[in-house]
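The values are calculated or read from the model by the stated rules, or taken from the named source; none is laboratory data. The structure presented is a predicted model; accordingly, all values stated were derived computationally and were not measured. Positions of Cβ are backbone-derived with ideal geometry, glycine not excepted, and every protein chain shown enters the neighbour counts. Please note that ligands, DNA and RNA were not included when accessible areas were found on the heavy atoms of the full protein model with its side chains. Shrake-Rupley method; radii C 1.70, N 1.55, O 1.52, S 1.80 Å.
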Amino acid sequence: TVANTHATSNGPANGSGAQAGSDAGFAERVRDAIDRQELSLVFQPQADVVTNRLTGFEALSRWRLSDGTMLPPDVFVPMAEQGEAIHLLGEWTLRTACVAAAGWLRAGYPDIPVSVNLSARQLDDPALVLKVLGILAETGLPAANLKLELTETSMFSQTVEAREALVQLRGAGIRLVLDDFGTGWSSLATLRRVPVEALKIDKQFVQAMVEDRDAAAIVQAVVALAHALDLGVVAEGVETQEQRLYLQAYRCDVLQGYWLSRPLTTDGVGDFLAERSVI
Ligand code: C2E
Ligand code: CA
Ligand code: CA
Ligand code: CA
């Protein structure tokens with residue numbers, strides 16, 4: 001299965017693991033995983049490239065099978081996207097991330113938004129906008145403290161309804177970010193159609209930038225494009241001080257990556273916030 005070929009880091013997933021099976025079967029697996037608390041979120045900090053001030057956290061999903069094997073999101077998100085499971089997973093992720101961010105707010109950090117990855121398939125759900133607004137109301141999180149990261153590929157095949165949903169979410173005050181910028185097909189056309197507030201440069205360019213002049217030119221061009229359109233720009237996958245200095249020279253706004261921090265558990269976020277004393 002897909003799970004068996006990919007989940008090698010902690011040993012192969014065995015028969016009790018999440019196997020694609022039928023569509024309804026995988027949705028059932030996700031429901032069970034939620035009930036058994038096999039799913040969790042980790043949060044990776046983002047910071048201003050120049051001042052290093054914390055600007056937010058991206059929520060990333062984790063799935064620990066009952067035998068301890070970690071199933072990577074690169075595996076289970078595409079599996080969920082094959083069917084209805086993505087709606088369960090997406091809603092769980094949104095609610096859990098909003099609960100966490102509402103906690104940061106109550107702990108005295110008002111300006112720390114959470115970014116949540118939204119699958120293209122979630123935009124097919126006609127109830128998406130109501131669900132998102134319901135989760136904000138339920139958790140008490142202000143709309144301005146939620147960002148949704150959209151992939152370009154998801155934008156490419158966008159229907160009129162999906163675009164309208166994005167306009168409504170933006171209208172409600174939720175901020176939209178175009179994820180993995182530069183890896184899709186439709187970047188420039190998409191920018192004119194979708195009300196995003198920032199672009200996120202994919203880590204493949206960031207990581208190649210120091211060695212490869214073409215990658216460096218692409219990073220510079222994306223920063224210039226974003227700023228010309230009055231958009232923010234975030235670099236992901238920043239691992240070294242050298243990469244940070246390049247981004248600073250290129251006037252990129254925000255960075256995310258192992259240089260700043262690995263994704264953190266809820267406890268890790270608490271420690272990180274306390275050390276940063278951003279109050
Ligand atoms: P992404 O949205 O592009 O997220 C960034 C990925 O890069 C994350 O991998 C993160 O852990 C990793 N990363 C962060 N800093 C560094 C670094 O300095 N170096 C390197 N090499 N990697 C870094 P992760 O957590 O395995 O997630 C993989 C992908 O799975 C994400 O890519 C996203 O597309 C998807 N994903 C994760 N969680 C969710 C979710 O809740 N919903 C949806 N729809 N997709 C998710
Ligand atoms: Ca992302
Ligand atoms: Ca990426
Ligand atoms: Ca991605």
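When the accessible area of the chain is computed with all protein chains present and a 1.4 Å probe, what percentage of it is carbon and sulfur? Before the final figure, lay out each step's value.
Working: 6760 of 13010 Å².
Using a 1.4 Å probe with all protein chains present, the chain comes out at 52 percent carbon and sulfur.
With only Lys, Arg, Asp and Glu charged, each at its Cβ (+1 for the first two, -1 for the last two), find how big the charge dipole of the chain is about the Cα centre; round to the nearest 20 debye. Write down the numbers at each step before the final one.
Numbers: 23 positive and 35 negative charges, 96 e Å.
So the dipole magnitude of the chain works out to roughly 460 debye.
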* To do: Might you report the magnitude of the Cβ-based charge dipole of region 156-236 about its Cα centre, with Lys and Arg at +1 and Asp and Glu at -1, to the nearest 20 debye?
  => 260 debye
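Between beta-carbons, use under 15 Å as the cut-off and find the net charge around residue 98, counting Lys and Arg +1, Asp and Glu -1.
Numbers: positive: 95, 106, 131, 147, 175; negative: 58, 91, 138, 149.
With Lys, Arg at +1 and Asp, Glu at -1, the neighbours total +1.
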* If you take all C-alpha pairs in region 42-176, what percent of them are over 26 Å apart? -> 25 percent
* For residue 233, distant residues with modelled amide H under 5 Å away -> 199, 253, 254
* Considering only 184, 25, 238, whose Cα is most displaced toward the positive end of the charge dipole of the chain, charges sitting on Cβ of Lys, Arg (+1) and Asp, Glu (-1)? -> 238
* Structure fact -> Once amide hydrogens are built 1.01 Å from N within the peptide plane, the residues lying 5 or more places from residue 56 or on another chain with amide H under 5 Å from its amide H are 46
* Normalised alpha carbon radius of gyration of region 111-264 [divisor 2.2 N^0.38 Å] -> 1.07
* Work out the charge dipole of the chain with +1 on the Cβ of Lys and Arg and -1 on the Cβ of Asp and Glu about the Cα centre, then indicate which of 114, 206, 217 is farthest towards its positive end. => 114
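So for region 129-219, considering every pair of alpha-carbon atoms, how many percent are separated by more than 24 Å? Kindly include the intermediate steps, with their values, before the conclusion.
Numbers: 1239 of 4095 pairs.
Cα-Cα pairs in region 129-219 separated by more than 24 Å: 30 percent.
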* Asked: Counting pairs of Cα atoms in the chain, how many percent are more than 32 Å apart?
  -> 24 percent
* Rg (Å, one decimal) plus Dmax (Å, integer) for the alpha carbons of region 186-254? -> 11.7, 35
* **Volume per residue that the Cα convex hull of region 87-162 spans, once the total is divided by residue count, Å³** => 79 Å³
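About its Cα centre, what dipole magnitude does region 36-93 give when the only charges are +1 on Lys and Arg Cβ and -1 on Asp and Glu Cβ, stated in debye to the nearest 20? Before the final figure, lay out each step's value.
On the way: 4 positive and 8 negative charges, 48 e Å.
I would put it at about 240 debye.
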* To do: Skip the ligands, DNA and RNA, and give the accessible area per residue of region 91-175 with a 1.4 Å probe, whole Å².
  => 42 Å²
